[in-house]
Amino acid sequence: LPEPDNQDDTREYTYSEIQKMLHHSKLIDRVLILLAASSGIRAGAFSIKWKHLVPIYLYNENYLWEDQDVTESVEHDGRIVAAMIRIYANSNSEYVAFVTPECWNTIESYKRLWIQETNKEPKPDDPFFKKSGPFARELSEMGIRKRLERILKESGIRTPLSQGKRRY
């Protein structure tokens with residue numbers, strides 16, 4: 001769960017605002033938006049690896065995930081109903097959140113783009129969000145924040161403040 005001393009008085013975005021953001025976004029940005037909207041992940045927790053994202057299948061009225069449960073027949077005949085994401089993986093603050101099938105489908109599209117750019121399948125320990133280009137270099141927290149700020153500005157959700165004003 002988020003840190004207990006969080007006194008931030010921000011609010012979640014509305015469905016309409018999320019749609020506006022998606023409309024003004026590239027594929028990597030759509031993944032950011034849908035991951036945040038469906039899992040509740042905070043901007044500082046996007047340092048994830050490919051192994052931290054796992055699809056959840058509905059197969060014969062059972063929910064299955066992870067390698068030991070998911071066989072080729074489950075992948076072929078099952079239906080992806082959600083996905084799990086390990087947030088703050090391998091830390092004392094680690095927790096699991098879930099994302100929608102729409103988010104998972106966007107992740108799959110992003111994976112194809114990732115493969116196109118790098119000419120290889122992502123390894124489990126490769127960074128999920130990478131800088132553009134052929135190398136798997138992790139996109140920093142500041143890089144992610146800048147992308148999100150640009151999306152908010154371009155979609156008209158967050159307007160520039162007048163000089164000397166602060167948002168919070």
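The values are calculated or read from the model by the stated rules, or taken from the named source; none is laboratory data. The structure displayed is predicted, hence computed values, not measured ones. Ideal geometry is used to build each Cβ from the backbone, glycine not excepted, and the neighbour counts take in all protein chains shown. Accessible surface areas use protein heavy atoms only, side chains included; no ligands, DNA or RNA. Shrake-Rupley method; radii C 1.70, N 1.55, O 1.52, S 1.80 Å.
So which residues in the stretch 89-107 are part of a strand (DSSP E or B) and within 11 Å of the chain's Cα centre (by Cα), if there are any at all?
Correct list: 97, 98, 99.
It is to be established whether one or more residues within the stretch 13-25 are under 15 Å from residue 129 (Cα atoms), at pLDDT 90 or above, part of a helix (DSSP H, G or I) and open to solvent by less than 50 Å² (accessible area, probe 1.4 Å).
No, every residue in the stretch 13-25 fails to be under 15 Å from residue 129 (Cα atoms), at pLDDT 90 or above, part of a helix (DSSP H, G or I) and open to solvent by less than 50 Å² (accessible area, probe 1.4 Å).
Just a yes or no: is a residue in the stretch 65-86 closer than 27 Å to residue 26 by Cα, touching a residue at least 12 places away in the same chain (Cβ under 8 Å) and either out of contact with any Pro (no Cβ under 9 Å at 6 or more places or on another chain) or among the aromatic types (Phe, Trp, Tyr) (or both)?
Within the stretch 65-86, one or more residues are closer than 27 Å to residue 26 by Cα, touching a residue at least 12 places away in the same chain (Cβ under 8 Å) and either out of contact with any Pro (no Cβ under 9 Å at 6 or more places or on another chain) or among the aromatic types (Phe, Trp, Tyr) (or both).
Applying the selection to the stretch 115-141, what residues are open to solvent by 40 Å² or more (accessible area, probe 1.4 Å), touching a residue at least 12 places away in the same chain (Cβ under 8 Å) and part of a loop (DSSP other than H, G, I, E, B)?
Hits for the stretch 115-141 are 119, 123, 124, 125, 131, 132, 134, 135.
So, in the stretch 52-65, how many residues would count as being touching a strand residue (DSSP E or B) at 6+ places or on another chain (Cβ under 6 Å), surrounded by fewer than 18 Cβ atoms within 10 Å (Cβ to Cβ) and outside any strand (DSSP E or B)?
Adding up the residues that qualify gives 1.
In the stretch 66-78, what residues are loosely packed, with under 11 Cβ neighbours inside 10 Å and either under 22 Å from residue 95 (Cβ atoms) or among the polar types (S, T, N, Q) (or both)?
66, 67, 68, 73
Which residue out of 96, 81 is surrounded by 13 or more Cβ atoms within 10 Å (Cβ to Cβ), of a type in the set (A, V, I, L, M) and closer than 23 Å to residue 33 by Cβ?
Every option except 81 fails the conditions.
Answer with yes or no whether residue 95 is of a type outside the set (A, V, I, L, M) and touching a Leu at 6+ places or on another chain (Cβ under 9 Å).
So residue 95 passes the test.
I'd like to check something: does the stretch 129-140 contain any residue that is hydroxyl-bearing (Ser, Thr, Tyr) and closer than 14 Å to residue 47 by Cα?
Within the stretch 129-140, one or more residues are hydroxyl-bearing (Ser, Thr, Tyr) and closer than 14 Å to residue 47 by Cα.
Mind listing just one residue for me: the one in the stretch 26-48 that is open to solvent by 30 Å² or more (accessible area, probe 1.4 Å) and more than 14 Å from residue 145 (Cβ to Cβ) and, of those, modelled with the lowest pLDDT?
40
Among the residues of the stretch 14-23, which ones are in contact (Cβ under 8 Å) with a residue 24 or more places away in the chain and either within 16 Å of residue 143 (Cα to Cα) or in contact with a Lys or Arg (Cβ under 9 Å, 6 or more places away or on another chain) (or both)?
Residue satisfying the conditions is 21 alone.
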